[in-house]
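Chemist: This is the structure I have questions about; it appears just below.
Taken together, the values in this text are just the output of simple stated rules run on the coordinates, not laboratory data. Everything quoted here is computed from the prediction, not taken from an experiment. All Cβ positions, even for glycine, are placed from backbone atoms using ideal geometry, and neighbour counts span all protein chains on display.
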Amino acid sequence: MKRISIIIPTWKNVSLIDLLYRGLKRNSAVNHEIIVFFNECGKEERKWRAGKDIVSDSSETNLGVCAAVNRAAKLATCDYICYMNDDMYPLPGWDVALESYMGMDAKLWLSSTPIEPQEANPCAIGSCDYGDSPANFRETDLLRDFEKLKRPYNMVSTWTPFVISRANWEAIGGFDEAYFPGNGSDPDLAMKMFQHGCRLFIGVGSSLVYHFARKSTARYDGLESMDPRSYFKRKWGMSWRRFLNSTLYRGKVITPNILEKIYRKSRN
């Protein structure tokens with residue numbers, strides 16, 4: 001099993017990052033490199049990170065998601081980078097399932113499949129309620145049940161957690177920090193990878209993480225300093241909805257027909 005550099009930006013979410021850290025230590029096949037960037041790092045965050053098996057960086061102010069991830073990525077030493085939200089809990093085999101696809105193509109995007117308590121986007125397994133916070137998380141029940149939640153197929157996905165090679169990350173320049181505090185940055189990064197030549201955006205059905213759903217991102221609502229949808233359209237000449245739904249076919253089961261459509265779109 002290859003070690004992965006797992007990059008986690010966090011903003012005043014000690015209870016969430018603690019659960020994620022425990023999940024990574026408990027349920028990963030190997031001791032991955034864990035890199036945490038603390039936005040608005042204070043006394044509680046400094047106390048938590050003391051003695052933890054992590055690499056870390058921090059800022060006294062909130063730099064937003066994109067700058068936090070970019071700065072953390074500079075500390076990565078592994079060949080592959082995984083961006084993971086701090087409100088997630090990885091389940092056993094999450095990393096092994098992803099590794100089985102690593103190396104199949106030099107330009108490749110791999111995503112785990114989130115399990116969410118609410119009705120979810122097509123790339124996630126929704127309406128599976130094992131708690132909506134660390135305080136009421138039914139970890140034991142989820143560890144008992146998760147095997148039967150695995151999908152027997154893969155989907156086109158760009159959702160987090162995602163894994164790309166560090167070489168590709170560096171080639172595309174990471175996140176565009178104009179997306180502050182972060183909404184819209186994932187579609188933009190996927191477009192960068194598409195422009196770089198990536199055609200395989202694989203959401204692996206057997207790589208599962210529990211996602212508390214917007215426990216981090218909801219706290220950014222109202223902080224946007226720009227309109228991310230308009231910015232994306234000006235930058236790329238299309239809406240991110242069109243790119244994700246009509247170019248990548250995100251949320252569709254990966255079949256030869258879907259792959260042919262994606263390659264055909266790339267030639268137009």
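Chemist: So for the chain, taking the charge dipole from beta-carbon charges (+1 Lys/Arg, -1 Asp/Glu), which of Gly131, Ser230, Tyr80 sits furthest toward the positive end?
Modeler: Ser230
Chemist: In the range 1-89, which GluC sites (Glu not before Pro) fall in coil by DSSP and have 15 or fewer other Cβ atoms within 10 Å?
Modeler: For GluC sites (Glu not before Pro) across the range 1-89 that sit outside H, G, I, E and B with at most 15 neighbouring Cβ atoms in 10 Å, the list reads Glu40, Glu60.
Chemist: Same structure, new question: Give the percent of DSSP beta bridges with both residues in the chain that are antiparallel, rounded to the nearest 5.
Modeler: 35 percent
Chemist: Continuing with this model, one more query. Order by neighbour count: Ile258, Ile115, fewest other Cβ atoms within 10 Å first, most last.
Modeler: Ile258, Ile115
Chemist: Taking neighbour Cβ counts within 10 Å as the exposure measure, how do Met238, Met104, Met155 sort from fewest upward?
Modeler: Arranged by neighbour count, lowest to highest, Met238, Met104, Met155 become Met104, Met238, Met155.
Chemist: If you don't mind, there's one more thing I want to ask. So if I take the centroid of the Cα atoms in the range 83-110 and the same for the range 1-80, what is the distance between those two points in Å?
Modeler: Between the Cα centres of the range 83-110 and the range 1-80 lies a distance of 17 Å.
Chemist: Distance from the Cα centre of the range 139-184 to that of the range 236-262, in angstrom?
Modeler: Measuring centre to centre over Cα atoms gives 17 Å.
Chemist: Of all trypsin sites (Lys or Arg not before Pro) in the range 32-79, which ones are in loop regions per DSSP and have a Cβ with at most 12 other Cβ atoms within 10 Å?
Modeler: Passing both the DSSP loop test and the Cβ count: Lys74.
Chemist: Can you pull out the chymotrypsin sites (Phe, Trp or Tyr not before Pro) in the range 81-182 that DSSP calls coil and that have at most 13 other Cβ atoms within 10 Å?
Modeler: Tyr153
Chemist: If you don't mind, there's one more thing I want to ask. Set Lys and Arg Cβ to +1 and Asp and Glu Cβ to -1, take the dipole of the chain about its Cα centre, and tell me which of Gly173, Ser246, Leu91 lies farthest positive.
Modeler: Final value for the positive-end residue is Ser246.
Chemist: From Cα pairs below 8 angstrom and at least 6 apart in sequence, can you work out the relative contact order of the range 5-267, rounded to a whole percent?
Modeler: 22 percent
Chemist: Now a separate question. Which order results if Thr61, Thr158 are arranged by neighbouring Cβ count within 10 Å, fewest first?
Modeler: Thr61, Thr158
Chemist: For the pair Val253 and Met102, how long in nm is the line joining their label points, each one 7 Å along Cα→Cβ?
Modeler: The two pseudo-label positions are separated by 2.9 nm.
Chemist: Next question. With charges only on Cβ, +1 for K and R and -1 for D and E, what is the dipole size of the chain about its Cα centre, in debye, rounded to 20?
Modeler: Using Cβ point charges on Lys, Arg, Asp and Glu, the chain gives about 800 debye.
Chemist: Same structure again: Counting helices only, and only those DSSP H runs with n ≥ 4, report the 222 nm mean residue ellipticity of the chain as the sum of -39,500 (n - 2.57) divided by its residues, in deg cm²/dmol to the nearest 500.
Modeler: The helix contribution divided over the chain gives -9000 deg cm²/dmol.
Chemist: Sorted by average packing, counted as other Cβ atoms within 10 angstrom per residue and highest first, what order do 202-209, 22-29, 184-191 take?
Modeler: The densest-packed peptide leads the list: 202-209, 184-191, 22-29.
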